[in-house]
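Below is one structure, written out as C-alpha cells; comments come after it.
The values are calculated or read from the model by the stated rules, or taken from the named source; none is laboratory data. Owing to the predicted nature of the structure, the values given are computational and were not obtained by experimental measurement. Here the Cβ is made from the backbone with ideal geometry for all residues, glycine too, and neighbour counts use every protein chain on show. Remember, those area values only see protein heavy atoms, side chains included, never the ligands or the DNA or RNA. Shrake-Rupley method; radii C 1.70, N 1.55, O 1.52, S 1.80 Å.
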Amino acid sequence: MTLQNKNWIAGLLGFSGIALSTLVPGGPIETRSFAHINPFTLGVFNTFLTTLCLGSLVLVYFVLRAKHWAVIAAAVCGLSYLGVYGLDLAQIFPVSPNAMPPALLVIEVVGTLVSFPLMGLSLQAMQKRQTSAGVPQLQTKNLSSFQLPQVVTAAGLGIMGLGIITFATRSAMGL
C-alpha cells in the first residue's frame, strides 16, 4: 500500500465517521421522528450506526499503521456507508413521516459519494498487497500479553457507544 493511498483511505474513513456521527437522532441535523419503528429494531440499527462511526475512527489508526486487515475493514465500512445512506435516500429504511432536513440530505449525498473512493482505494490497496505477496515483509513483534491501555480504550469506547446508542434510540422515539 502506498503512503498516498494509505493517507487517502484514512482520511476518507475519518471524514465518513465524523459525517455519520453528526446525524445522531436528537442532534441538530437529524430531527425526524421514528417513534413508529419497533424500539428493538431502532436499537439494533443505532448499534450498527454507532459501531460503524466509532469503528471507522478507530480504523484510521490501523490503516495508517498499514495493517492489511484494516484495509479490508475499510472496504467493508465503505460498503456499509453506501448501504446506510442508500437505504435512507431511497426511503427504504428508516422511513419517517417527517421530511428529510436539507442538511441531512446534503450529508447523505456527500457520504454516498465518498463511499465509492473509500471502497475503490481499499480494494486497490488489497490487490497491491496480493500482488506483492511474494516479497518478504518486515515482521513486527507479536504482543500476546495483556495490555491495559488497549483494554481501557476498548472499555471506554464500549461505554461511549452504549451512551450514544441509548441517546439516539430514545431521541428517535421522541422520549
Stretched fully, the stretch from A99 through L87 gains (0.36 nm per residue minus C-alpha distance, one decimal, in nm) 2.8 nm
Based on DSSP H runs of at least 4 residues, each adding -39500 (n - 2.57), what is the mean residue ellipticity at 222 nm of the chain after dividing by all its residues, to the nearest 500 deg cm²/dmol? -24500 deg cm²/dmol
Between T51, T31, T153, where does the largest GNM mean-square fluctuation fall for the chain, given springs only between Cα atoms within less than 10 Å? T153
For mean projected area of the Cα convex hull in nm², several values are listed as [x] 15.8; [y] 11.4; [z] 9.5; flag the one computed from this structure. [y]
Compute a Gaussian network model of the chain, connecting alpha carbons closer than 10 Å, and tell me which residue from V152, V24, V76 fluctuates the most. V152
Looks like the stretch 22-61, by Cα gyration tensor root eigenvalues a ≥ b ≥ c and the a/c under 1.5 rounded cutoff (else prolate when a/b is bigger than b/c, oblate otherwise), is oblate
For the pair L175 and L123, what calculated FRET efficiency results from E = 1/(1 + (r/R0)^6), where r is the Cβ-Cβ distance and R0 = 45 Å, to the nearest 0.05? 0.60
On the protein heavy atoms, probe 1.4 angstrom, tell me the percent of accessible surface of the stretch 9-85 carried by carbon and sulfur. 76
Sequence-distant or interchain residues sharing an amide H contact under 5 Å with S33, placed H: which? N98
Contact order relative to length of the stretch 1-70, as percent, for alpha carbon pairs under 8 angstrom and 6 or more apart: 53
At 1.4 Å probe size, with every protein chain present, just tell me what the per residue accessible area of the stretch 1-85 comes to in Å². 46
Which of I92, I29, I164 fluctuates most in a GNM of the chain (C-alpha springs under 10 Å)? That residue is I92
